[in-house]
């Protein structure tokens, strides 16, 4: 279940940074530096907010979020988060007590994973244009994002084709990547 909360939280972090850096207001003269120099923002100045955030929360249209607008944005984000949580609980709270028990949480997790598997399977079937039950290197490449580096696309195909038979099966396509060993070699931990 993907939500817009992650991007909104990133914007919230930017907003807090802006508040601590003096509100993010430009220097007089319209430029990013004192004296109106428009060659860029001052060193240490946080990046400007995305246009969609300003369009949503900049109620006075001055291009900057005031303290009141930031407070309203935070309240809106919290309200959205609370609504998403309530919706999630209502969806999986089978006994109606307003709390997810361990069994309800396990059922919710299984349902979410089943939804994800269905989405991944649908994507596989979309890419499998010849309905062979496996993705050829050409079908894989055709499904790559526009402008993707062909060498990286080929490397990803090779990595997914676990049995090296030149075709990615549904099982290989849906397999979760192996956990990476993040331990550093050397005297402070990890392998030596």
Among the residues of region 123-152, write down those that are assigned to a loop (DSSP other than H, G, I, E, B) and within 23 Å of the chain's Cα centre (by Cα).
143, 144, 145, 146, 147, 148, 149
Identify the single condition in (1) modelled with pLDDT of 50 or more; (2) outside any loop (DSSP other than H, G, I, E, B) that residue 13 does not satisfy, given that it satisfies every other one.
(1)
Go through (1) in the same structural domain as residue 161 (by TED's automatic domain parsing); (2) not in a helix (DSSP H, G or I) one by one and return the number of the condition residue 97 breaks.
(1)
Is one or more of the residues making up region 84-97 at pLDDT 95 or above, under 30 Å from residue 175 (Cβ atoms) and loosely packed, with under 11 Cβ neighbours inside 10 Å?
no
Answer yes or no as to whether residue 115 is under 21 Å from the mean Cα position of the chain (by Cα) and on the phi < 0 side of the Ramachandran plot.
yes
Within region 74-88, is there a residue that is free of Cβ contacts under 8 Å to residues at least 40 places away in the same chain, farther than 30 Å from residue 111 by Cβ and either out of contact with any helix residue (DSSP H, G or I) (no Cβ under 8 Å at 6 or more places or on another chain) or assigned to a helix (DSSP H, G or I) (or both)?
yes
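The values are calculated or read from the model by the stated rules, or taken from the named source; none is laboratory data. Just so you know, these numbers come straight off a predicted model, no measurement behind them. Here Cβ is always computed from backbone atoms with ideal geometry, including for glycine, and neighbour counts include all displayed protein chains.
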